[in-house]
Amino acid sequence: MIVDLRIYTCLPNRVAEFVALYEKMGWPLQQKHLGNCVGWYTTIEGELNTVVHMWGYADQADRERRRAAMAADPAWGEYLAEVGKRGILIKMQNRIVKPAPFFEALKK
């Protein structure tokens with residue numbers, strides 16, 4: 001398994017707006033296309049105005065297939081356009097991570 005770790009930095013005092021928009025427009029689409037949400041969080045300490053979410057995939061090919069399907073969905077384009085129009089985000093990052101060997105062994 002791999003995990004797509006996504007980190008979004010919002011303008012100050014705009015996290016609640018981003019979360020509400022995502023819940024309404026983004027979450028249903030990502031559940032439909034990506035499926036395995038490992039976690040979805042907002043920060044309360046440290047670097048504030050940050051949203052972190054993680055999506056699990058069998059491997060990189062699975063990730064690419066699922067994300068391509070989502071990108072082809074016109075509703076996803078509408079969501080991205082709305083986020084852009086509102087100018088909520090400052091920065092977006094993602095990292096592909098994999099479990100450490102000892103962690104994988106614990107899950108078996």
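The values are calculated or read from the model by the stated rules, or taken from the named source; none is laboratory data. Note that the structure is a prediction, hence the values are computed from the model and not measured. Counting neighbours? That spans all protein chains shown, and the Cβs are built from the backbone with ideal geometry, glycine included. Accessible surface is based on the protein model in full, side chains and every heavy atom, while ligands, DNA and RNA are left aside. Shrake-Rupley method; radii C 1.70, N 1.55, O 1.52, S 1.80 Å.
Descriptive notes on the structure:
- Of all residues in the stretch 78-103, those satisfying the criterion of being aliphatic (A, V, I, L, M) and assigned to a strand (DSSP E or B) are Leu89, Ile90, Met92, Ile96, Val97.
- Some residue of the stretch 40-47 being modelled with pLDDT of 95 or more and touching an Asp or Glu at 6+ places or on another chain (Cβ under 9 Å): no
- Filtering the stretch 90-104 to residues that are among the hydrophobic types (A, V, I, L, M, F, W, C) and open to solvent by 70 Å² or more (accessible area, probe 1.4 Å) leaves Ile90, Met92, Ile96, Phe102, Phe103.
- Scope the stretch 68-80; condition free of Cβ contacts under 8 Å to residues at least 40 places away in the same chain and either open to solvent by less than 40 Å² (accessible area, probe 1.4 Å) or more than 17 Å from Arg14 (Cβ to Cβ) (or both); matching residues: Ala68, Ala69, Ala71, Ala72, Pro74, Gly77
- Some residue of the stretch 53-61 being more than 30 Å from Asn13 (Cβ to Cβ) and of a type in the set (Ser, Thr, Tyr): yes
- The number of residues in the stretch 12-36 being open to solvent by less than 70 Å² (accessible area, probe 1.4 Å) and touching a strand residue (DSSP E or B) at 6+ places or on another chain (Cβ under 6 Å) comes to 3.
- First in the stretch 48-61 and open to solvent by less than 70 Å² (accessible area, probe 1.4 Å), second anywhere and at pLDDT 95 or above and in a helix (DSSP H, G or I), Cβ under 6 Å, 6 or more apart: Asn49/Val15; Tyr57/Arg63
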